[in-house]
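The values are calculated or read from the model by the stated rules, or taken from the named source; none is laboratory data. As the structure is a prediction and not an experimental result, all values here were calculated from the model. Cβ atoms come from the backbone with ideal geometry, glycine included; neighbour counts cover every protein chain shown. Protein only, heavy atoms only, side chains kept; ligands, DNA and RNA dropped before computing areas. Shrake-Rupley method; radii C 1.70, N 1.55, O 1.52, S 1.80 Å.
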Amino acid sequence: SKSLLSLHKKSYSIMKLNIALTLLTAAAVNADVGYTPVNDVTDHAKFGIDVENIQGYIKEGNATEAFKLYSTYITGVNSRTSDGKTVQGMATKDWAAKGAPDEIKKAYEAVLGENHLDSYTTDAINCDGTFAGSSAKLCSIAATKNLHCTAISYSQYEGEKSIKNSNEKNWDEMFAFWHGVYTEDADSFLQGGGAVVQGKRDKDFGTEYKIAALKALNDGQKAVQAPVDTDALQAAFDAFNAAHVGSFAQATMKYAKSMKDATEQSDIDKYFAEGYTYFRCAAGLFDADLATFIQDQFDPRGVKAGDEPDVYCAIAKEMAATADIGYGVSINDLNLEMKSSLVNITTDCNITLEAPSKPDSASGTFGYVAAAMSAFALNLFL
């Protein structure tokens, strides 16, 4: 895995990030967004509406309508039906055939298997196949959360295409799939990809991974302007991925502990599916050995009620033993003890955690987060 700080210094030096100015001047963009696409990618961002609608059907127990919307885009009013932009089309996209480098896709497949997005969602919606015998609650949670994983995967696909082709439109599309609807009704639909999950985990742990992802998006947008700075563009993409490592490692630990503490079977099923599925969202970004360990420990499919593994400390110990859990992120950067349920993680799991590095000497993602926040604060008050 790469050190984000070295990438940041090499590719950016100190690039002035004026998030505040972006927020104030983007007339058609909601003030909470923090990124202004140069290209019109509103069509792509409407994937967030599809996610919300599919999730609604799943929560109602209406698998038939959920799968119709997922697979055929039956309503025809949100995501594009051309170019594989149905939700299932996104989940089954052949990156290489469409001209995108697929190293990241292959990293996910090495841990989760081929067709890992579509097969998981399809089986979970219908609660059959690999989910046969699982509870309706477990299936429902797995299906709804995997839609976020699908959007994250597609944002990564667009990022890879942007770098290969020096194409700003693909970079804007990466933002759209990460964020969801970004025009004046953005407050209603923020369900597209990583953004909504990152915002929630930041509130849990007092981190700023969503801000780091936004900084990466803005830095990449600058880098892709002619003349294109390919190194800076790649560094921004790496930082975007690193922010996802942080958020989804947090989610993995949060729900592993929630599952351990739960006493009702419906709650155990909920947290089992939630923790594992969120892990899948970043599995290909994690250190390969760590990802394989979590996959082997945490997969709920085929596990009978009452036989759930106690994975909380097992995963915590493995993370603590892995200096770089992915893209320069350390377990120390996750701020795990800030979450009340994890406040005793060091004694409970017999691990040692260090305080995250300070901005002027930081390494890994925390340094990138600190830089993003410092730039935001500076510009806000200029």
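If the condition is being open to solvent by 40 Å² or more (accessible area, probe 1.4 Å), under 14 Å from residue 299 (Cα atoms) and of a type in the set (A, V, I, L, M, F, W, C), then the range 117-144 contributes only 132.
Scanning the range 290-308 for residues that are open to solvent by 40 Å² or more (accessible area, probe 1.4 Å) and in a loop (DSSP other than H, G, I, E, B) yields 301, 302, 303, 304, 305, 306, 307, 308.
Applying the criterion of at least 3 residues that are open to solvent by 20 Å² or more (accessible area, probe 1.4 Å) to the helices (runs of 4 or more DSSP H) found wholly in the range 152-260 leaves 194-205, 209-223. Scanning the range 261-280 for residues that are of a type in the set (Asp, Glu), surrounded by 17 or more Cβ atoms within 10 Å (Cβ to Cβ) and over 12 Å from residue 303 (Cβ atoms) turns up just one, 274. Annotation note: of 75, 25, 81, the sole residue that is in contact with a helix residue (DSSP H, G or I) (Cβ under 7 Å, 6 or more places away or on another chain), modelled with pLDDT under 85, more than 22 Å from residue 194 (Cβ to Cβ) and open to solvent by 60 Å² or more (accessible area, probe 1.4 Å) is 75.
Count of the range 223-242 residues, restricted to those that are closer than 28 Å to residue 334 by Cα and of a type in the set (D, E, K, R), is 2. Contact map, the range 160-186: residues that are over 17 Å from residue 238 (Cβ atoms) and at pLDDT 85 or above paired with residues that are part of a helix (DSSP H, G or I) and of a type in the set (Gly, Ala, Ser), Cβ distance under 7 Å, separation 6+ or inter-chain. Pairs shown: 176/45; 177/151; 177/155; 179/45; 179/195. Considering 333, 348, the condition of being crowded, with 16+ Cβ neighbours inside 10 Å, modelled with pLDDT of 95 or more and either on the phi < 0 side of the Ramachandran plot or in contact with a Cys (Cβ under 9 Å, 6 or more places away or on another chain) (or both) is satisfied by 333 alone. Scanning the range 30-66 for residues that are outside any helix (DSSP H, G or I), at pLDDT 85 or above and open to solvent by less than 10 Å² (accessible area, probe 1.4 Å) turns up 34, 35, 41.
Within the set 108, 70, the sole residue that is open to solvent by less than 40 Å² (accessible area, probe 1.4 Å) and either part of a loop (DSSP other than H, G, I, E, B) or modelled with pLDDT of 95 or more (or both) turns out to be 108. Pairs only if they're at least six apart or on different chains, beta carbon under 6 angstrom, first in the range 291-305 and within 16 Å of residue 271 (Cα to Cα), second open to solvent by 60 Å² or more (accessible area, probe 1.4 Å) and not in a loop (DSSP other than H, G, I, E, B); list them, first residue then second. Correct list of pairs: 301/130; 305/265.
Might you let me know whether the range 314-324 holds any residue that is open to solvent by 10 Å² or more (accessible area, probe 1.4 Å), in contact with a Lys or Arg (Cβ under 7 Å, 6 or more places away or on another chain) and touching a residue at least 24 places away in the same chain (Cβ under 8 Å)?
Checked against the condition, which is being open to solvent by 10 Å² or more (accessible area, probe 1.4 Å), in contact with a Lys or Arg (Cβ under 7 Å, 6 or more places away or on another chain) and touching a residue at least 24 places away in the same chain (Cβ under 8 Å), the range 314-324 yields no hits at all.
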